[in-house]
Amino acid sequence: MKFIIKFRHIIFGIFTVLFIAGLLLVAKVNINYDGASYLPDNSNTKEALVVMNEEFGVFGACEIMVEDVSQLEALSIYQDINAIGGVKQVEFYPNQPDYYKNNNALFKVVFTTETYDLTTTETLDEIRLVLNDHNVYMRGETINAIQYNNVIQDEIVKIILILVPIVLIILFLTTTSWIEPVLFIIVVLFAVLINMGSNAFLPEVSYMTHATCGILQLALCMDYTVMMLHSYKEERLVNPSAKESVKIAARKSFVPILSSMLTTVAGFVALLFMTYTIGFDIGIVLIKGTLLSFAATFLLMPGLIVMFSSLIEKTKHRSILRPVKATYSFLYKTRYIMPVIAALIIGVSFFIQQENTFDYSETQIVYETPTLGAGYKAIRDEFGLNNNMVVLVPKNIPLQGAYMAELGPLLVEVQAKSVVSPLIFHTPYSKSEFTGLLSTFGLDAESITSLGDVFDLMMSVEGGTEFSIVEMVTFIEETTFLPPESKAALAPFIYQMNATRSELEGVNFDRFIIITNIEAESPEAFSFVDNVDRITGNHFDEYYLLGESVGIRDIKNVIADDYWKVTIITAVLVFTIILISFKNFLIPAILLLLILGATWINMSIPVMMGTNLLYLGYIIVSGIMLGATIDYAILYTHKYREKRQTLSKIESMQEAFNEAKHTVLTSGLILTFAGFALALFSSIPSISVFGSLIGRGAIASVVLVLFVLPQALFISDKLIIPKKTISE
């Protein structure tokens, strides 16, 4: 510590350089918006994506609805979009109600690049320019990703700009010097920006990690600096030297801060074991941030205290949050009542929160957001849903025919909007069936008539009354009965058929594309996916399923056990850390039950409100809250045990409450406002839900620690303090 004090200016300079570097590097962080990429490599979706990419490539796509246009205008728009360089293909059939009705046109656009590629974003910007004079709505994963990318950086800055003044107000209320909050903010912001900038050296971080971890780090690690300065001020009461006081304060506060840091890290370590590896992503960044905050507290904070010691003294003021005698009276008079009430509430909450219904993706939540939701609702109201599923099966037309025969009744049952497969090109059709089929390809009446004439020619030349599209294409290309000008006129048809076949027939696998009007995340969707999976397995040894509902089902199956895994690992680690710290088995049991109780109370609220809970938020927030807010309980317990060496139970309860309340309220209020800032000001659904869970959980933890834990320790006094030197 002597070294840190001596070279405090150099250390401050180093941290300043790192802070500036972090600020510059934040823009260089590679952000991943693809939730499916965090599935394990052996999951159906990950394996299917590999095969899909090898056979057909993986491309971004979206749906665009243009309001109040005639068919002629819609065809012109179709041509304009199709002419854009980054567009691979556009589906639009003006004679079909799934694409045009009530003067509204729906275009299904496929890009030449992947959903999360920068070129896709640029292409969509070009499409917006083309459609600038029209009222346009869009939906799809590509739209979500681009929207998130556009807003995430701005929202982080906005939330921090809103949160920092709130944090300063909280700190002004809970400290006794006007300069102290500034020191806290400097240390924590330095650690936060260094951590966020260092993410640029990681291969990538998820959008949720990037948007939330800096704000959570600020909220979760602020109490390290508060505890350090509080210890320093206690020393200054008996020691006139700021330097000596800092040294002693650092030594005395090291173990409590270390314990606090370790329990916080324990919750993040548990996230590393999630099967759905977005937990690993968030865990690594928060562990790194917590360690940086711990380092800044002991490397940067002591020097700043010495540098600003005179200002700290000159700007001292009376504590705004002073002890309220009525609180002490309440704690004592209800010492046997509040723990019983809390136990009942916790017990009831435990059973209520088990009734939660979960969303495993953002699909349903997106409908409720003002930005993305408007497009989804408008297109759904006019054209319904287009829930796509892709089935990749081996190239074997006879087997595919038998498969389609068994799959057919299921498709009728769910009223599938369309099914496209290679069989469409290999199935023999009569002339009436053939001309009816051609209309689904968007061909005009003149082209259909010309192809009908070719069909008649085939019947007279080849014999027979039924032919497949493949046979017709071969006939047109090879026959000598058609003049060159007729073949030239039919060239667009040949090109369209070959292009469509290339989208359905790969080297080793063919694909079936099924479109339904089923909500992507619903029991009906999961039942449909399971049935398709079962029927496909009846016919093929190797096959793959892809689609939004398939991906959600995979996420659901993968993370189903992650909650208990994270909770148990966190609880074991935290229990062990507290046991080592207090050397008493009852204390970690009381503290864990209390904070788990706060989590259960928090998670029971969505049940009572009748809303679904995002399962990913449920897992991650449970781990974070258990590891982080138990710090409050540890701090109070340390204070109580310390006071019991010289004071009675009643006096110890009061004094421990008085000394711990500032730190608990400071950290708890900051975490609460940080959570609700994310909830209120983020337009990204998962981040908003994540924030509201954090905010509510912090409130529940603070209330239980300040108004139930003191009484629980009072009642358990004989068991947690076996050797007393003072009368009760």
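When you restrict to C-alpha pairs under 8 Å that are six or more residues apart and normalise by the size of the chain, the relative contact order lands at 19 percent. Sites listed here are chymotrypsin sites (Phe, Trp or Tyr not before Pro) in the range 572-602 whose DSSP assignment is loop and whose Cβ has at most 13 other Cβ atoms within 10 Å: PHE585. Using a simple spin-label model with pseudo-atoms 7 Å out from Cα toward Cβ, ASP68 and VAL238 lie 7.9 nm apart.
Here's the list of lysines a cross-link from LYS2 could span, going by alpha-carbon distance under 23 Å and ignoring same-chain residues fewer than 8 apart: LYS233, LYS243, LYS247, LYS252.
Calculated FRET efficiency, LEU24 to SER450, Cβ-Cβ distance, R0 = 60 Å: about 0.40 to the nearest 0.05. Positive end of the dipole of the range 406-531 (Cβ unit charges, origin at the Cα centre): among GLN415, ILE469, THR479, the Cα lying farthest that way belongs to THR479.
For the listed peptides 482-490, 12-20, 73-81, a ranking on the average number of other beta carbons within 10 Å per residue, highest first, reads 73-81, 12-20, 482-490. Averaged over residues, the count of other Cβ atoms within 10 Å places the peptides 469-478, 216-225 in the sequence 216-225, 469-478, highest first. Only DSSP H runs of four or more residues enter the estimate; each adds -39500 (n - 2.57), and after division by the residues of the chain the mean residue ellipticity at 222 nm equals -22500 deg cm²/dmol. Taken along the Cα-to-beta-carbon direction at a fixed 7 Å, the label points for SER418 and TYR495 span 2.0 nm. Length available on full extension from LEU410 to ASN149: 0.36 nm per residue minus the Cα-Cα distance, which gives 90.1 nm. Alpha carbon centre of the range 19-71 versus the range 1-17: separation in Å? The range 19-71 and the range 1-17 have Cα centres separated by 43 Å.
Of all lysines in the structure, the ones whose alpha carbon falls short of 21 Å from that of LYS288, not counting any fewer than 8 places away in one chain, are LYS28.
Loop-resident trypsin sites (Lys or Arg not before Pro) (DSSP state other than H, G, I, E or B) in the range 388-464 with no more than 10 further Cβ atoms inside 10 Å of their Cβ are absent.
Summary of the geometry: the range 266-288 and the range 574-642, compared by the centres of their Cα atoms, lie 17 Å apart. Helix 44-55 and the long axis of the chain differ in direction by around 40°, with both axes built from C-alpha atoms. Cα centroids of the range 647-696 and the range 333-363: 18 Å apart.
Taking a straight line from the alpha carbon of LYS88, these lysines sit under 21 Å away, with near neighbours fewer than eight places off in the same chain left out: LYS108. Per residue, the chain exposes 42 Å² of accessible surface when a 1.4 Å probe is rolled over the protein heavy atoms with every protein chain present.
Rolled with a 1.4 Å probe across the full set of protein chains, the surface gives HIS230 an accessible area near 60 Å². Ordering of 95-108, 544-557 by packing is 544-557, 95-108, highest average first (other Cβ atoms within 10 Å, averaged per residue). Here r is the Cβ-Cβ distance between ASN95 and LEU168 and R0 is 56 Å; the resulting FRET efficiency, rounded to 0.05, is 0.30.
The values are calculated or read from the model by the stated rules, or taken from the named source; none is laboratory data. It should be emphasised that the depicted structure is a prediction, and the values quoted were computed from it without experimental measurement. Methodologically, a virtual Cβ is constructed for each residue, glycine included, from the backbone with ideal geometry; neighbour enumeration extends over all protein chains shown. Note: areas computed on protein heavy atoms with side chains; ligands, DNA, RNA excluded. Shrake-Rupley method; radii C 1.70, N 1.55, O 1.52, S 1.80 Å.
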